[in-house]
Amino acid sequence: MPASHTASGNASATERSAGAMPTAFLRLGDVMRITGLARSTVYRLMAENGFPAPCRLSRRAVGWRSDDIAQWSAARPVSRR
């Protein structure tokens, strides 16, 4: 089986976007800086399924996909004053 296919025979999303930059992973401090949310708010929203879940990077480290954070941010309503 070619390396560009998963076990089910379909190309993964990363492989379909050939030539695209791989997704960067953001640590909690970066997520807090980008979103303006406090640590407790990030985890509360995650518990309420209102914020993207992180990916395990190693036994003791997690990170959020920058694409997921960008999509979440774009879906926020714009404040009207």
Quiz prompt | Residues located in the stretch 1-53, provided they are in a loop (DSSP other than H, G, I, E, B), modelled with pLDDT of 55 or more and surrounded by 13 or more Cβ atoms within 10 Å (Cβ to Cβ) | solution = Thr23, Arg27, Leu37, Phe51, Pro52
Exercise. Mind listing whichever residues of the stretch 63-81 are assigned to a strand (DSSP E or B) and either open to solvent by 40 Å² or more (accessible area, probe 1.4 Å) or at pLDDT below 95 (or both)?
Key: Arg65
Practice problem: Any residue in the stretch 47-61 that's farther than 15 Å from Val31 by Cα: show its pairings with residues that are open to solvent by 90 Å² or more (accessible area, probe 1.4 Å) at Cβ separation under 7 Å, as long as the two are six or more apart or on different chains. | Solution: Leu57/Phe25
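The values are calculated or read from the model by the stated rules, or taken from the named source; none is laboratory data. Just so it is clear, the model here is predicted, and its values are computed rather than measured. Cβ atoms come from the backbone with ideal geometry, glycine included; neighbour counts cover every protein chain shown. These area figures cover heavy atoms from the full protein model, side chains too; ligands, DNA and RNA do not enter into them. Shrake-Rupley method; radii C 1.70, N 1.55, O 1.52, S 1.80 Å.
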